[in-house]
1. Kindly indicate the residue of the range 59-80 that is part of a strand (DSSP E or B) and of a type in the set (Gly, Ala, Ser) and also farthest from the chain's Cα centre (by Cα) among those meeting that condition.
2. Which count do you get for residues in the range 283-299 that are touching a Gly at 6+ places or on another chain (Cβ under 9 Å) and either acidic (Asp, Glu) or farther than 13 Å from Ile260 by Cα (or both)?
3. Taking Leu83 as the residue in question, decide whether it is open to solvent by 30 Å² or more (accessible area, probe 1.4 Å), in contact (Cβ under 8 Å) with a residue 60 or more places away in the chain and part of a loop (DSSP other than H, G, I, E, B).
4. Could you go through the range 168-190 and let me know if any residue there is modelled with pLDDT of 95 or more, over 30 Å from Leu152 (Cβ atoms) and among the β-branched types (Val, Ile, Thr).
5. What's the total number of residues in the range 91-106 that are open to solvent by less than 40 Å² (accessible area, probe 1.4 Å) and either farther than 16 Å from Pro177 by Cα or charged (D, E, K, R) (or both)?
6. Only residues that are closer than 19 Å to Tyr80 by Cβ and surrounded by 20 or more Cβ atoms within 10 Å (Cβ to Cβ): list them for the range 23-38, please.
7. Output the strands (runs of 3 or more DSSP E) that fall wholly within the range 164-276 and possess 3 or more residues being open to solvent by 20 Å² or more (accessible area, probe 1.4 Å) and not small (Gly, Ala, Ser), or say none.
Amino acid sequence: VIVHHAPPWGCPHYTQVQGSGFVYNFTGQMVILTNYHVVHNAINITVTFMNGNGYAATVLGSDPYADLAVLSTDAPQSEYKPLEIVSSSTLKVGDPVIAVGNPFGLAGSVTTGIVSQLGRTITEETTGGYPIANVIQITAPINPGNSGGPLLNYRGQVVGITTAIVKNSQGLGFAIPSNTILREIGALIENGTYNKHPWLGVEVIDMTYEIATAMKVNITYGCLIVHVVSDGPADQAGLQGGTQQVQIAGKWVTIGGDIIIAINQTRITNIDALAAYLEEYTLPGQTINVTIVRNNQTMTFAVELGTRPPPSPSSMS
């Protein structure tokens, strides 16, 4: 995938960005999957197949919050070699994986590795502070140009789509899980967008032993709420944010808020777990039971999740 971007000051020349992608057969319609950040603000998009044949492409739909984009071309059917997408729920830490893409324009490069961890969260400037949730961490090297390529299991089935938005990530890579693709692709093709990301309306940080000591609580895991968005789902349910700023290990931290330790009785250990659970198991409009610790007392609140509003750095989850 080659994308031309016009500079913001309006000069008549282009900058060129390269990425990767793969073909998928969505109920008889051949489409090409890639990353949102590859085609963001694109003027012209060209898709070149492994045989060297190139075709103009258009964006059918995209979602910055999952770094996904779906493209279409007018290529003849004979050009398309679709891949099978399977559930990423079967992945386990240590599973071998294969990444295919065009790092630095080196077409058709294959790298191998293992699944390092599941349920990571990463951020990108196009998400406005919201996390990209439930991301797969892999040891296969992912470099600029790999973005949008398939992550395969050893059966050649797609379990993710690689993304190289984490700069200078030496010796590790990240991939959007195939479950996210399968959940969103219908809406992306039919509506051009995906608007079912759940929203709790809180800004949180990971709990630590040091923060627990400063707050005089005996909970060292979970997500400490530092800010509750006014009139958001958490605010309406009665969850509370931080009340004072203190210095902990040389950094200012807002303490005194509720500590989220479980959702629907599933233990929430940190921000990764919170974002992954919300994205994988919940939808806007759903009521969840959020268990928190407040003043060393455990309490459970019923929270009706909202739909994620436009990007705002103050609303992380």
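The values are calculated or read from the model by the stated rules, or taken from the named source; none is laboratory data. Everything numeric in this text was worked out from a predicted model, so none of it was measured. In this analysis, Cβ positions are derived from the backbone assuming ideal geometry, glycine residues included, and neighbour counts consider all displayed protein chains. Quick note on the areas: whole protein, heavy atoms, side chains included, nothing else; ligands and nucleic acids left out. Shrake-Rupley method; radii C 1.70, N 1.55, O 1.52, S 1.80 Å.
1. Of the residues in the range 59-80, the ones part of a strand (DSSP E or B) are 59-63, 68-73.
Still in the running and of a type in the set (Gly, Ala, Ser): 61-62, 69, 72.
Values: Gly61: 16, Ser62: 13, Ala69: 13, Ser72: 23 Å.
Per the stated criteria, the residue is Ser72.
2. Number satisfying all stated conditions: 2.
3. Details: open to solvent by 30 Å² or more (accessible area, probe 1.4 Å): yes; in contact (Cβ under 8 Å) with a residue 60 or more places away in the chain: yes; part of a loop (DSSP other than H, G, I, E, B): yes.
When the stated conditions are applied, Leu83 passes them.
4. Looking through the range 168-190, none of the residues is modelled with pLDDT of 95 or more, over 30 Å from Leu152 (Cβ atoms) and among the β-branched types (Val, Ile, Thr).
5. 4
6. Of all residues in the range 23-38, those closer than 19 Å to Tyr80 by Cβ come to 23-34.
Across the range 23-38, the qualifying residues are Tyr24, Val31, Ile32, Leu33, Thr34.
7. Correct list: 202-206, 223-228, 244-248, 251-255.
This table checks each residue for (1) over 15 Å from the mean Cα position of the chain (by Cα); (2) aliphatic (A, V, I, L, M).
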{"residue": "Phe174", "(1), (2)": "no, no"}
{"residue": "Ile181", "(1), (2)": "no, yes"}
{"residue": "Ile185", "(1), (2)": "no, yes"}
{"residue": "Asn195", "(1), (2)": "no, no"}
{"residue": "Leu200", "(1), (2)": "yes, yes"}
{"residue": "Ala237", "(1), (2)": "yes, yes"}
{"residue": "Asp258", "(1), (2)": "yes, no"}
